[in-house]
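Inspection log for the structure reproduced underneath, given as structure tokens.
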Amino acid sequence: MNFLIRQALSHLSRRAITDPKGSYSYQTLLNTSQEYAQCLMALGLKNTPEKGMAFWLEPDFQYVAVQWAIWQTRSFAVPIAVSHPAAEVEYILTDSQVEILICSSSFENIARPLTEKLGIKLLIVNQLQSPFSQKNPLPVLHPSDPALLIYTSGTTNRPKGVLTTHAHLESQIRTLGEAWEWKAEDRTLNILPLHHVHGIVNVLGCALFAGASCEMLPKFEAKTVWDNILEERITLFMAVPTVYTRLIEFWEQQSPEKQELMSEKCQKLRLMVSGSAALPETVLRRWQEISGHILLERYGMTETGMILSNPLYGNRKVGFVGKPLPNVQVRLVDEAGQIIIEMEKAGEIQVRSPSVFREYWRKPEETAKSFVENWFLTGDVAERDADGDYRILGRKSSDIIKTGGYKVSALEIESVLLQHFAIAECAVVGLADEMWGERIAVAFVPKQEISTEDLRNWLKTQLAHYKIPTIYVSVLELPRNVMGKVIKAKVKELV
Ligand code: MLC
Ligand code: AMP
């Protein structure tokens, strides 16, 4: 049995999820997911744990019920972002080799022709309740069965599927449960997209494992988050730095009386966490002035779950992401492959823990290259101070951009741009930005005249919205070194 489902059995009457349509207990979640699993099984699935099912649903109760249903058929779940255009969905459906896509009726128009083209079975979630009289015994799950396939960008051109097992997920969630003392009385709010670990594991997974309740918003809106805080509906909150910047902006637009009330209510939360991207000191300080909270900054990755965290109690150092979480081993390794024992010397973060993923889906070479023995190479560079606290210094590759908490590959955007008839050459870079952390910019050599607007609109049909460059500079040639390689530092100056 999946570990979340096992835990849910001890919290049956508690509220698990609230969404815009209503509130749902753990009992309702279990019943609905079992019913969906029965429907899926009745379709004659061969239960092999090495097959996935994709699901494309709004972030609400149905999302969770379908995720749990997929697990109960012993398949792994492949979440698709609400915001993805057809081209991104097609890539994921093809790469993951799923045979079934479950979607809500709002995505049917795009999903129908796509699944027909790919020969994939399409199921609309509200039709999963159809009356199948025969009930099959649900298959027995093993902790080593794959649970989730999450697509994330890297140093390769297209995103890679990160495959984690139920045991990995349980370990990731237990680690956070212990470090941040999740309890059944907690109430949280999910405003994050549910195709990445921050939302799936840290918010939803942790809440459900603890028997706590999670309110799910269709999308992030500063006002709704503040309303939740004002109405004392939540005890803890997790988000990316850009979200805190937006919450600050909203607070600043209110009257002094309202601001005072908002601040007073915010202080009542027991924990506020920031992660997925570097938290600027200005944001941390301003949030402290507004809310009284020193944001707990933590660091993690899709492949590993959370790695480093500031303490729940005690000193949270500005600019640091704290120490290794329970059951996580971390070491810093220099360019020569030597383990760094000195303080304040920079090296790559390498991680070993029961939370670390199994493989990049169907990419044995990429998987092998990411490990030295059983240490996972994060590609992030950090240093450690005398207390053993880590400070993230950046990434080894300048081709990885973090925008609003999303990891984006410059190489992927370049390869898509090169498919456009008007682009001869291009180079994509990330520029430091107060709101987004980094903004995506492109310098390109045109083959023929093209407006930025046309280019942007075309890109939006190809790539997720957060991968679309916001700065476009047309140049006669790209700066290259003697070997002909584009010098990205010079491109940054150009744009
Ligand atoms: C939205 N836009 C972005 C963007 N998000 N552009 C760049 N980067 C982003 N992240 C674009 C929109 O397409 C739109 O463009 C314009 O910005 C304004 O959109 P918006 O509606 O105001 O933005 P919003 O929907 O509110 O999104 C902002 C956000 C979102 C911060 C809520 O980006 C978000 O949810 N980020 C979190 C991502 C996340 O969960 N990462 C975790 C990965 S796991 P236009 O052209 O239409 O005007 C991980 C591991 C770990 O990293 O450690 O956690
Ligand atoms: P993802 O592949 O989307 O899971 O993104 C993981 C990456 O996000 C890490 O490799 C880091 O580069 C970055 N990241 C996560 N948390 C932090 C943080 N607190 N500070 C800086 N970078 C972070």
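The values are calculated or read from the model by the stated rules, or taken from the named source; none is laboratory data. Treat the numbers as computed from the prediction; the structure is a model and nothing was measured. Cβ atoms come from the backbone with ideal geometry, glycine included; neighbour counts cover every protein chain shown. Remember, those area values only see protein heavy atoms, side chains included, never the ligands or the DNA or RNA. Shrake-Rupley method; radii C 1.70, N 1.55, O 1.52, S 1.80 Å.
Some points to look at:
- Share of carbon and sulfur in the accessible heavy-atom surface of the chain [1.4 Å probe, %]: 51 percent
- Inter-centroid distance (Cα atoms) of region 115-129 relative to region 48-104, Å: 11 Å
- Heavy-atom accessible area per residue - the chain, 1.4 Å, Å²: 42 Å²
- Anchor K369: lysines whose Cα lies under 25 Å away (excluding residues fewer than 8 positions away in-chain): K51, K160, K345, K396, K402, K407, K485, K488
- The P(r) of region 43-97 has a tail past 15 Å containing 49 percent of all C-alpha pairs.
- Each peptide in 135-143, 298-306, 224-232 receives the mean, over its residues, of other Cβ atoms within 10 Å, and ordering these scores from highest gives 298-306, 224-232, 135-143.
- Summarised in one figure, the compactness ratio Rg/Rh of region 143-234, Cα atoms and Kirkwood Rh, is 1.03.
- Under 12 Å from the Cα of K258 - aspartates and glutamates, other chains or at least 8 residues apart: D227
- Subtracting the Cα-Cα distance of R6 and Q129 from 0.36 nm times their residue separation leaves 42.0 nm of extension gain.
- Placing R0 at 56 angstrom, the Cβ-Cβ distance between I110 and A336 gives a FRET efficiency of 0.65 after rounding to 0.05.
- Taking label points 7 Å from Cα along the Cα-to-Cβ direction, H142 and E35 give a separation of 3.3 nm.
- Point-to-point label distance, K117-V372, nm (Cα→Cβ direction, 7 Å offset): 4.3 nm
- Amide H partners (placed H, <5 Å) of D433, local residues excluded: E438, R439
- DSSP bridge orientation in the chain - percent antiparallel, rounded to nearest 5: 65 percent
- Orientation-averaged projection of region 444-495 equals 4.4 nm² [convex hull of Cα atoms, one quarter of hull surface area].
- Simple label model, 7 Å out from Cα along Cβ direction - S23 to E264, nm: 2.5 nm
- Solvent-accessible surface ranking, highest first, for Y26, Y313, Y151 at 1.4 angstrom: Y313, Y151, Y26
- Note that region 180-294 carries a Kirkwood radius of 14.3 Å, evaluated over its alpha carbons pair by pair.
- In terms of overall dimensions, the chain has a Cα radius of gyration and Dmax of 22.8, 71 angstrom.
- For region 145-214, GluC sites (Glu not before Pro) are listed when DSSP marks them as loop and at most 14 other Cβ atoms sit within 10 Å of their Cβ; the list is E181, E185.
- Annotation: amide H of I423 within the under-5 Å range of K447, sequence separation 5 or more or interchain, hydrogens built in the peptide plane.
- Descending semi-axes in Å of region 3-141, equivalent ellipsoid built from Cα gyration tensor: 24, 18, 13
- Over all pairs of different C-alpha atoms in region 398-494, the reciprocal of the mean inverse distance, the Kirkwood hydrodynamic radius, equals 13.5 Å.
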